[in-house]
Amino acid sequence: MSRRIRIGLIAEGEAELGASIPYIKPEDGGKVIERTNEGALHTLIRRELENAGLPDCDFIQRHPSFKERQKLTLRTGHSILDPKYLAQIVILWKPEEIDMILIVVDADDKLEQRQIDLERALNKIRDNHLDINEKAISDRSAGGLAIRNFETWLLADTQTVSTILGVELEELKNLEDLDNTKDILENAIAKSTYLSEDTSNQRPLEIRWNLGKQIDLAIIKTVYPTGYAAFTQSLLVATKAVMIGWNIITSEKSEINQ
């Protein structure tokens, strides 16, 4: 079975998800997000799958909840961890629309609580991610916790960030202990002339996206073993579970046709 893996990705905002959030047309729910509308997190995930020799992927827009349909905007921020909200949106995805579900959130300055919240969120996702027989799927989802925020992951490869932006960054040590990593990146972007011809509010997102394409994934995993590296390991485990499921379906079809 050869096709792209279909991923439902839930994350906090534009820094991770680019122009695919927050505004949405209700009819876009369940459809493939155009790559030009993706964000830095989409890119990191696709690169990890590619580096592991796994199939390419498409990211599937989530269906808006009833309230989101009224506002034409998707929920952002750490409130995406709300179990009731997750139950609503996960069950709206049809089995044929997605193969796996990922959720990534920022720890901010509440690491222990966010760990608890993320585990609870994953359990809710697994309870409501149903197959074509309406049975819960427990092995095709993964969660990631960015300590302290997503920008911290992007800053791990300081040399590449500095080179791309053309801005000298001081050596950053113990990034997960800093509470201003988002400000550090935003200040560097403000000083940079990179993509300066783009005067729209999309420039910071475009820059984050390009950083996601070029930063060294091995460095991120080395710098953040309990954050990024743990997430990518769970990502690969879930992806392989998807592919095992594909092989089972292919075998069953072969037996029927014999």
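The values are calculated or read from the model by the stated rules, or taken from the named source; none is laboratory data. Here the structure is a predicted model, which is why all the values come from computation and not from measurement. No Cβ is skipped: glycine too gets one built from the backbone with ideal geometry, and neighbour counts run over all protein chains shown. When the accessible area is computed, the model is the full protein with side chains, heavy atoms only, and any ligands, DNA or RNA have been set aside. Shrake-Rupley method; radii C 1.70, N 1.55, O 1.52, S 1.80 Å.
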Counted residues in segment 181-237 being small (Gly, Ala, Ser), surrounded by fewer than 18 Cβ atoms within 10 Å (Cβ to Cβ) and touching a helix residue (DSSP H, G or I) at 6+ places or on another chain (Cβ under 7 Å) come to 2
Going through (1) open to solvent by 50 Å² or more (accessible area, probe 1.4 Å); (2) in a helix (DSSP H, G or I) one by one, residue 86 fails only at (1)
Contact list, first residue from segment 167-183 and within 20 Å of residue 13 (Cβ to Cβ), second anywhere and in a loop (DSSP other than H, G, I, E, B) and open to solvent by 100 Å² or more (accessible area, probe 1.4 Å), beta-carbon distance below 7 Å, six or more apart or interchain, is 179/109
Expected output for segment 93-121 (first residue closer than 20 Å to residue 181 by Cα and of a type in the set (Asp, Glu), partner assigned to a helix (DSSP H, G or I) and open to solvent by 20 Å² or more (accessible area, probe 1.4 Å), Cβ below 7 Å, 6+ apart or cross-chain) is 106/78
If we ask which residues in segment 137-174 are open to solvent by 40 Å² or more (accessible area, probe 1.4 Å), within 15 Å of residue 188 (Cβ to Cβ) and not in a helix (DSSP H, G or I), their number turns out to be 4
In segment 33-64, anything touching a residue at least 24 places away in the same chain (Cβ under 8 Å), more than 22 Å from residue 90 (Cα to Cα) and either among the acidic types (Asp, Glu) or part of a loop (DSSP other than H, G, I, E, B) (or both) is listed as 48, 52, 54, 55, 56
When segment 190-249 is checked residue by residue, the ones that are assigned to a loop (DSSP other than H, G, I, E, B) and closer than 23 Å to residue 19 by Cβ are 192, 193, 194, 195, 196, 197, 198, 199, 200, 201, 202, 215
Within segment 8-31, of all residues that are touching a residue at least 40 places away in the same chain (Cβ under 8 Å) and acidic (Asp, Glu), the one most open to solvent (accessible area, probe 1.4 Å) is 14
All conditions in (1) assigned to a loop (DSSP other than H, G, I, E, B); (2) open to solvent by 30 Å² or more (accessible area, probe 1.4 Å) are true of residue 98 except (2)
For residue 197, indicate whether it is farther than 26 Å from residue 45 by Cβ and of a type outside the set (S, T, N, Q). yes
